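Scroll down for the structure; my scribbles are underneath it.
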Amino acid sequence: MRSFRWQSVANRIASDARIVPDNVLTDIADYVTGYTIDSALAYETARNCTIDALGCALEALEYSACTKLLGPIVPGTVVPNGAHVPGTPFVLDPVKAAGMQRTIYATSMTPEIIQPVLDIAAQNKMFTKPVDARTLIART
């Protein structure tokens, strides 16, 4: 039974039939590849968000709850021409490195960090109603 399932997967992978993406995905792809950003404020905001995300991630590395989840599958592994995980000595294959970065960012997303930001946004009328960080995190 098991070999049949693997054979079925191998047949599907070997097929050259292309899956047609749905309209939502094509709309997103068209927007991403065709939209021109001509606002200096948009670039400044994106830059600040990136710096903030990296800062939060680097702060998360101070906690063992985060660092114990990081590292290569085989300790000491270094992938030549791999991707560096910011704030760590790890150089891993790109997929594993992306997963590590996601883990770091997720660890930094605690209610204690997010709630003050949400409160400031609410004071500036960026939301129609107050948002609770615990509820927001539970949804993700």
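The values are calculated or read from the model by the stated rules, or taken from the named source; none is laboratory data. In this text, all values refer to a predicted model and were calculated from it rather than measured experimentally. Using ideal geometry, Cβ is built from the backbone for each residue, glycine included, and neighbour counts are taken over all protein chains shown.
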Checking the condition within 18 Å of the chain's Cα centre (by Cα), in a helix (DSSP H, G or I) and at pLDDT 85 or above, which residue from 41, 54 passes? 54
Matching residues in the range 63-80 - criterion: being surrounded by 10 or more Cβ atoms within 10 Å (Cβ to Cβ) and of a type outside the set (A, V, I, L, M, F, W, C): 63, 67, 71, 72, 77
Take the residues in the range 66-107 that are part of a helix (DSSP H, G or I) and of a type in the set (Val, Ile, Thr), then tell me which one is nearest to residue 51 (Cα to Cα). 104
Answer from 107, 36, 103 - the residue that is β-branched (Val, Ile, Thr) and at pLDDT below 80: 107
